[in-house]
1. Which whole-number value in Å² is the accessible area per residue of the range 31-79, probe 1.4 Å?
2. When the C-alpha atoms of the range 1-60 are aligned to their principal axes, what extent does each axis show, in angstrom, from largest down?
3. Run the numbers for D175 and F87: contour at 0.36 nm per residue of separation, minus the present Cα-Cα distance, in nm.
4. Going by Cα centres, the range 55-116 and the range 17-40 are how many Å apart?
5. Over the range 1-114, with every protein chain in place, what whole percent of the accessible area is carbon and sulfur at 1.4 Å, could you tell me?
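The values are calculated or read from the model by the stated rules, or taken from the named source; none is laboratory data. Remember, it's a predicted structure, so these values are computed and weren't measured experimentally. SASA here: full protein model, heavy atoms, side chains in, ligands and nucleic acids out. Shrake-Rupley method; radii C 1.70, N 1.55, O 1.52, S 1.80 Å.
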Amino acid sequence: GARTRLVENGITVWAGYLSETFGVLRGGLRKGVAYNQQLNGGVDLDMGRIAGWQGAKFHLVINDRRGEGLTPGYLGNGYSVQGAFGFQYPKISELSYEQQLADGKTNLRIGLFPVGSQFGQMEGACDFVNVGFCAHPRNFATGSYWSGYPNPSWGVMVHSDILPELSVRGGAFLDMPTS
């Protein structure tokens, strides 16, 4: 009942746990098994219920990944086969403000969030665990500083439903080269 009361008052708290155990039986660099896990959680604040700001929300997501990846030590290929491997430390994955406009037909989001969660997703590809396909095509990320979950970028995004069968989405994000 406590969680229901929080939601009724505009506070949604959530958490998730994912574990992946994969093995190489034949081929690759060597035989072996690798286990990794992802623990994430967040809070969404509905500011309409909390403070009367209709259509406004704040989002916070924290992600922690641990374990060993199968790809670098056992397979040696360029695409990770485990969806929850990479960046094996706690990090903020989202800290953003969202505002519904035009009777809910337009959405504005500003702050820190993954580009790949908003753009470039391949419908149905997330039915596969391979990061080469989900959450966005890996070739977008290679050399482009395109950030996919759990890696955020500072940015702004606007999504508008022009017609029931037509929507437009655009955004601008901080490009963070590492070299």
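1. I get 51 Å² per residue for this part.
2. That gives 59, 24, 11 Å along the principal axes, largest extent first.
3. 29.8 nm
4. Centre-to-centre (Cα) distance: 21 Å.
5. 59
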